[in-house]
Amino acid sequence: MKRNLLIGLAFAGTLTALGILERSLERSVSAQAKGAVMAPRFEVDPLWPKPLPNHWVLGQAIGVTVDDQDHVWMVHRDNLLGANEIAASQNPPTASCCVKAPPVLEFDPGGTVVGHWGGPAEGYDWPSSNHGITVDYKGNVWIGANVGTDAHVLKFTKAGKFLMQFGKPGQSKGSNDTENFGRPAKIFVDAKTNEAYIADGYGNKRVVVIDADTGTFTRYWGAYGNKPEDTNFGNYDPKAPPLQQFRSPVHCAELSNDGFVYVCDRPNDRIQVFKPDGTFVKEKFIETSTLGDGSVWDIAFSKDPQQKYMFLADGKNEKIYVMLRDTMEILTSFGDGGRQPGQFFAVHSIAIDSKGNLYTTETYEGRRLQKFVYKGLAPVTKLDQGTVWPSK
């Protein structure tokens, strides 16, 4: 009987200890939740955009931007669609579907196509391969050009009326040319100074700043603010010391509200930050073992005045990083490789609307536009969230 009493007391003590431990764990979890790292959360909208009209199909989707009406603009490479994809355009047609969509498409917030234009015409040199699209603060639409002899940037109205061309195809003289570009990737226009920042690009290895009205070159720089070089540095080696020049392509140059230029040095797997005069400030390396296309493709900033968060598209590892802009610390990421909604194949460009929703385009065989709905701030529970499917 004494033995049974001792066993009972021991069992009761164990239960008490377990209860204390359980309450302690609950308090710990609660404390962690209260002090958890918070980050913007997103869910893919699998029903956006709406189906394209007129049996249209997209080629490589290599640019996206959002205007002041929250209309989403994209540009794609209609000239790279194969005969089997545009059977209705063959002579004679081999099927009732499909035809290539116009290069520039405008969507309203609901995902309906409300505008379209683009392609070769008199008065300007349409790119051999268009690349990047930006609607500036005046409502002008800028398009880059990134292959072969492309050495120019085009500016149109929203209706597609040609305004200006900066640079001439076949005239690039390298990364220190002050009249032409070298297969420029993307454009950002500063409303305060009316200057355009050009990520230049796939041929050249620099950032160029021009007057957005006249096209006059005002300044340019390479990595770390150095004078750019056109030396072939060979393939990126993650074990080598950081290269003192950009590699091609220099894929984006985005100016923040507080006056810092964030540059996508794509194949070097890094973001470099500069003052507007080209003075180097700092850098951040991303997934440094990434070879080939590199990890740093495009950048968008959150819409709060301080632009607290930065969103980085990584088209090689197929994800979007959610980062603190000031420290460039990665808080979490979402996305995965695949062809279903919320997944990516070569996520190329990223943009944000006034409500904080993100839009992405995919190049190569991805060939689509996706929307990720902003769901507010939430505690970070996973560094890699994978496919952010809508919650029930």
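The values are calculated or read from the model by the stated rules, or taken from the named source; none is laboratory data. Since this is a predicted model, take the numbers as computed values, not measurements. All Cβ positions, glycine included, derive from the backbone under ideal geometry; neighbour counts span all protein chains shown. Just so you know, the surface numbers come from the protein's heavy atoms only, side chains and all, with ligands and any DNA or RNA stripped out. Shrake-Rupley method; radii C 1.70, N 1.55, O 1.52, S 1.80 Å.
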Practice task
Any chance you could count how many residues in segment 253-282 are in a strand (DSSP E or B) and either open to solvent by 60 Å² or more (accessible area, probe 1.4 Å) or hydrophobic (A, V, I, L, M, F, W, C) (or both)?
Solution key: 11
Handout entry: Residue match in segment 80-91 (condition: closer than 18 Å to residue 350 by Cα and open to solvent by less than 20 Å² (accessible area, probe 1.4 Å))
Key = no
Handout entry: All strands (runs of 3 or more DSSP E) inside segment 286-388 with 3 or more residues being β-branched (Val, Ile, Thr)
Key = 347-352
Problem - Hits in segment 159-193 - residues which are closer than 16 Å to residue 141 by Cβ and part of a loop (DSSP other than H, G, I, E, B) - result: 159, 160, 161, 191
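Residues checked against (1) open to solvent by 50 Å² or more (accessible area, probe 1.4 Å); (2) modelled with pLDDT under 95; (3) of a type in the set (A, V, I, L, M):
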{"residue": "139", "(1), (2), (3)": "no, no, no"}
{"residue": "157", "(1), (2), (3)": "no, no, no"}
{"residue": "183", "(1), (2), (3)": "yes, no, no"}
{"residue": "187", "(1), (2), (3)": "no, no, yes"}
{"residue": "197", "(1), (2), (3)": "no, no, no"}
{"residue": "213", "(1), (2), (3)": "yes, no, no"}
Exercise for the section: Take segment 199-211 and flag every residue that is part of a loop (DSSP other than H, G, I, E, B) and open to solvent by 10 Å² or more (accessible area, probe 1.4 Å). Expected result: 202, 203, 205
Handout entry: Every pair of residues 6+ apart whose Cβ atoms lie under 6 Å, when the first sits in segment 117-136 and is surrounded by fewer than 17 Cβ atoms within 10 Å (Cβ to Cβ) while the second is of a type outside the set (A, V, I, L, M) and part of a strand (DSSP E or B)
Key = 123/162; 124/162; 124/165
Exercise for the section: Search segment 59-70 for residues being farther than 14 Å from residue 118 by Cβ and either aliphatic (A, V, I, L, M) or without any contact (Cβ under 8 Å) to a residue 60 or more places away in the chain (or both), and hand back the single one that is least open to solvent (accessible area, probe 1.4 Å). Expected result: 64
Completion exercise
Residues of segment 283-306 being over 19 Å from residue 331 (Cα atoms) and open to solvent by 60 Å² or more (accessible area, probe 1.4 Å), in sequence order, are 289, 291, 292, 305
Practice task
Check residue 91 against each of (1) among the polar types (S, T, N, Q); (2) touching a His at 6+ places or on another chain (Cβ under 9 Å); (3) free of Cβ contacts under 8 Å to residues at least 60 places away in the same chain and name the one condition it does not meet.
Solution key: (2)
Fill in the blank from the handout: In segment 354-380, residues that are out of contact with any His (no Cβ under 9 Å at 6 or more places or on another chain) and either in contact (Cβ under 8 Å) with a residue 40 or more places away in the chain or crowded, with 16+ Cβ neighbours inside 10 Å (or both) total 18
Exercise for the section: Test residue 335 against the criterion of being in contact (Cβ under 8 Å) with a residue 24 or more places away in the chain, buried (at least 23 other Cβ atoms within 10 Å of the Cβ) and farther than 17 Å from residue 59 by Cα, and give yes or no. Expected result: yes
Completion exercise
Picking from 302, 295, the residue that is in contact (Cβ under 8 Å) with a residue 60 or more places away in the chain and small (Gly, Ala, Ser) would be 302
Practice task
Please indicate, with yes or no, whether at least one residue in segment 239-251 is surrounded by 15 or more Cβ atoms within 10 Å (Cβ to Cβ), among the hydrophobic types (A, V, I, L, M, F, W, C) and assigned to a loop (DSSP other than H, G, I, E, B).
Solution key: yes
Exercise for the section: Working only within segment 181-220, note down all residues that are under 25 Å from residue 247 (Cβ atoms), of a type in the set (Lys, Arg) and out of contact with any Phe, Trp or Tyr (no Cβ under 8 Å at 6 or more places or on another chain). Expected result: 186, 219
Exercise for the section: Please tell me if residue 220 is assigned to a loop (DSSP other than H, G, I, E, B), open to solvent by 40 Å² or more (accessible area, probe 1.4 Å) and among the hydroxyl-bearing types (Ser, Thr, Tyr). Expected result: no
Completion exercise
Result of the Cβ filter at 6 Å on segment 162-183, keeping first residues that are closer than 15 Å to residue 126 by Cβ and partners that are open to solvent by 40 Å² or more (accessible area, probe 1.4 Å) and of a type in the set (D, E, K, R), at least 6 apart or interchain, is 169/125
